[in-house]
Amino acid sequence: ALGVSLEDVLEWTITDVPAAVTDLVKEPAYASMINGTIIGRLKEAKVRPLGLLSILSKTDLDASEYVSQEDLKTAVEVGPKNIKAYAAKFVNSDDLLSIADKAKEQYLSGNTGALDILTATLTSDELREVLESIPAKDILANHPTALHNRVIVETLSAQKLTSIANAGGDVYQVEGMFEVLATSKRKL
């Protein structure tokens, strides 16, 4: 209605407020316009790697062509949950295994946020294997609300969930597990 095209809006945003492109590309019409040239201009405009990854995650472009391996690894370790999973696709496998090993240690020492890193870096089978290998009492000691966590409830076997519930002996924990299962694709 104003005679302004999507291209004009994108051009203005890149030139004047490059960080806002991250929000702009949530709209599919803008995301489909992002190409290597635009990413190059955003890098020149000093958009941080996490911002670039947020934009790249809406495209079919190969993030490793625009963001360094070091920045990809950092995104897996400290980025928001959706960026962790996206960046992990482009980190080389040796580095990814190293990140996963550190994340398991962090999880075992009580850093429940490391579960997001494990989820991003491991296949669902690998994640199940890692989590199943942790004794139920250790899971509860380091993650008292484990049975309220969707990843835990949807990943672990029924036997492991039962052993965690029994180790906790707390109705609150069991209720939390059933709340997750009520909205889960997993059958009760």
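The values are calculated or read from the model by the stated rules, or taken from the named source; none is laboratory data. Everything numeric here is computed off the predicted structure, so don't read it as measured data. Every residue, glycine as well, gets a Cβ built from its backbone with ideal geometry; the counts of neighbours run over all protein chains shown. SASA here: full protein model, heavy atoms, side chains in, ligands and nucleic acids out. Shrake-Rupley method; radii C 1.70, N 1.55, O 1.52, S 1.80 Å.
Taking the condition of being at pLDDT 90 or above, of a type outside the set (A, V, I, L, M, F, W, C), touching a His at 6+ places or on another chain (Cβ under 8 Å) and outside any loop (DSSP other than H, G, I, E, B), how many residues in segment 142-176 meet it?
Adding up the residues that qualify gives 0.
Could you list, in sequence order, all residues of segment 150-171 that are without any contact (Cβ under 8 Å) to a residue 24 or more places away in the chain and either loosely packed, with under 12 Cβ neighbours inside 10 Å or touching a Ser or Thr at 6+ places or on another chain (Cβ under 8 Å) (or both)? Explain how you work it out, then say what you get.
First, the residues of segment 150-171 that are without any contact (Cβ under 8 Å) to a residue 24 or more places away in the chain: 158-159, 161-162, 165, 169-171.
If the condition is that a residue be without any contact (Cβ under 8 Å) to a residue 24 or more places away in the chain and either loosely packed, with under 12 Cβ neighbours inside 10 Å or touching a Ser or Thr at 6+ places or on another chain (Cβ under 8 Å) (or both), then ALA158, GLN159, GLY169, VAL171 are the ones that fit.
Against the definition (part of a helix (DSSP H, G or I), modelled with pLDDT under 90, open to solvent by less than 30 Å² (accessible area, probe 1.4 Å) and in contact with a helix residue (DSSP H, G or I) (Cβ under 8 Å, 6 or more places away or on another chain)), how does VAL47 come out, yes or no?
Numbers: part of a helix (DSSP H, G or I): no; modelled with pLDDT under 90: yes; open to solvent by less than 30 Å² (accessible area, probe 1.4 Å): yes; in contact with a helix residue (DSSP H, G or I) (Cβ under 8 Å, 6 or more places away or on another chain): yes.
No.
In segment 113-131, how many residues are open to solvent by 60 Å² or more (accessible area, probe 1.4 Å) and either assigned to a loop (DSSP other than H, G, I, E, B) or farther than 17 Å from SER98 by Cα (or both)?
Just the residues of segment 113-131 that are open to solvent by 60 Å² or more (accessible area, probe 1.4 Å), to begin with: 123-126, 128-129.
Subset that is either assigned to a loop (DSSP other than H, G, I, E, B) or farther than 17 Å from SER98 by Cα (or both): 123-125, 128.
Selection size over segment 113-131: 4.
What residue, of ASP23, ASP8, ASP62, is surrounded by fewer than 16 Cβ atoms within 10 Å (Cβ to Cβ) and touching a Phe, Trp or Tyr at 6+ places or on another chain (Cβ under 9 Å)?
ASP62
Of everything in segment 177-188 that's loosely packed, with under 11 Cβ neighbours inside 10 Å and closer than 22 Å to ALA136 by Cα, which residue is modelled with the highest pLDDT? So that I can check it myself, show each step before the final result.
Here is the first cut: in segment 177-188, the ones loosely packed, with under 11 Cβ neighbours inside 10 Å are 182-183, 185, 187-188.
Right, trim to closer than 22 Å to ALA136 by Cα and you get 187-188.
Numbers: LYS187: 75, LEU188: 67.
The qualifying residue modelled with the highest pLDDT is LYS187.
Hey, can you tell me all the residues within segment 65-76 that are under 14 Å from LEU96 (Cβ atoms) and either small (Gly, Ala, Ser) or surrounded by fewer than 19 Cβ atoms within 10 Å (Cβ to Cβ) (or both)? Explain how you work it out, then say what you get.
Going residue by residue through segment 65-76, those that are under 14 Å from LEU96 (Cβ atoms) are 69-70, 72-76.
Scanning segment 65-76 gives GLN69, GLU70, THR74, ALA75.
Just give me the residues in segment 177-187 being part of a helix (DSSP H, G or I) and of a type in the set (Val, Ile, Thr), in sequence order. Outline the logic, then answer.
First pass over segment 177-187, keeping only residues part of a helix (DSSP H, G or I): 177-182.
If the condition is that a residue be part of a helix (DSSP H, G or I) and of a type in the set (Val, Ile, Thr), then VAL180 is the only one that fits.
So, in segment 26-43, exactly how many residues are open to solvent by 20 Å² or more (accessible area, probe 1.4 Å), within 19 Å of GLU65 (Cα to Cα) and hydrophobic (A, V, I, L, M, F, W, C)?
If we filter segment 26-43 for residues that are open to solvent by 20 Å² or more (accessible area, probe 1.4 Å), which is where we start, we get 26-30, 32-33, 35-38, 40-41, 43.
Now drop any that are not within 19 Å of GLU65 (Cα to Cα), which leaves 32-33, 35-38, 40-41, 43.
Then keep just the ones that are hydrophobic (A, V, I, L, M, F, W, C); that gives 33, 38.
Of the residues in that region, 2 qualify.
Looking only at segment 1-60, which residues are of a type in the set (S, T, N, Q) and within 24 Å of the chain's Cα centre (by Cα)?
So the first thing to find is which residues in segment 1-60 are of a type in the set (S, T, N, Q), and the list is 5, 13, 15, 22, 32, 35, 37, 54, 57, 59.
Result: THR22, SER32, ASN35, SER54, SER57, THR59.
ASP23 - would you say it is of a type in the set (D, E, K, R) and either assigned to a helix (DSSP H, G or I) or closer than 30 Å to VAL130 by Cβ (or both)? Break it down into steps so the answer makes sense when it comes.
Values: of a type in the set (D, E, K, R): yes; either assigned to a helix (DSSP H, G or I) or closer than 30 Å to VAL130 by Cβ (or both): yes.
So ASP23 fits the description; yes.
Of all residues in segment 81-112, count the ones that are assigned to a helix (DSSP H, G or I), among the hydroxyl-bearing types (Ser, Thr, Tyr) and either surrounded by 15 or more Cβ atoms within 10 Å (Cβ to Cβ) or touching a residue at least 24 places away in the same chain (Cβ under 8 Å) (or both). Step through it out loud before you land on a result.
From segment 81-112, those assigned to a helix (DSSP H, G or I) are 81-88, 93-108; that's our starting set.
Pick out the ones that are also among the hydroxyl-bearing types (Ser, Thr, Tyr) and you get 86, 93, 98, 107.
Applying the additional criterion that residues be either surrounded by 15 or more Cβ atoms within 10 Å (Cβ to Cβ) or touching a residue at least 24 places away in the same chain (Cβ under 8 Å) (or both) yields 86, 107.
Residues in segment 81-112 being assigned to a helix (DSSP H, G or I), among the hydroxyl-bearing types (Ser, Thr, Tyr) and either surrounded by 15 or more Cβ atoms within 10 Å (Cβ to Cβ) or touching a residue at least 24 places away in the same chain (Cβ under 8 Å) (or both): 2 in total.
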